[in-house]
Amino acid sequence: MGGTADRSFRLRHLKDPRPVGEIDEWQNVRCGGIVGQAASIGEGAVTKLAFYVPLQAKQGKEQDVADFLCSALPFVNAEPGTISWFATQEGLSQFAIFGTYKDEAARDAHLNGKLAAALMEKVNAGELFVGTPEIREIRILSHKQPH
């Protein structure tokens, strides 16, 4: 992927039968040209450790949550032990963060890093999210690596 100055990511609910060109305004999330790159941990290396954090946006704050998640990518790109990281949206107000990590130390570093601090600052301010997000430590059982 190149680094064009402006990329627009279109997110669709899986059950939405409309073509991509007919997406509602709330589903057009602009990430300001930030492009993520997965960190390499060596030929054939497999990660088994991850975090999954479901998030629910307060009504009317969906775009603010999407903007926050898109702006978090530079923090994650600076973490050498973060193998992959995704911010997702399902429907109007359901979001999630999913990341995979080289080892326990990398996962702990992420949990104590700039993104986690920024997320907790937003949570504590009480303006964007419904409730306090639950950070779920998960183990990856199976996956497909890119070739």
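Nothing in this text is a laboratory measurement; each read-out follows from the coordinates by a stated rule. For clarity, every value in this text was computed on a predicted model and none was experimentally measured. Because the Cβ atoms are built from the backbone with ideal geometry, glycine has one as well, and the counts that use them run over all protein chains shown.
Brief remarks on what is shown
- Taking amide H positions as modeled 1.01 Å from N, with prolines and chain starts lacking one, the residues under 5 Å from K58 and 5 or more places away or on another chain are F129, V130.
- For E127, net neighbour charge (Lys/Arg +1, Asp/Glu -1) across residues whose Cβ lies under 10 Å away: +2
- For the pair K48 and A78, a Förster radius of 35 Å applied to the C-beta separation gives a FRET efficiency near 0.95, rounded to the nearest 0.05.
- At full extension, E134 and D67 could sit 22.1 nm farther apart than now, given 0.36 nm per residue minus the alpha carbon distance.
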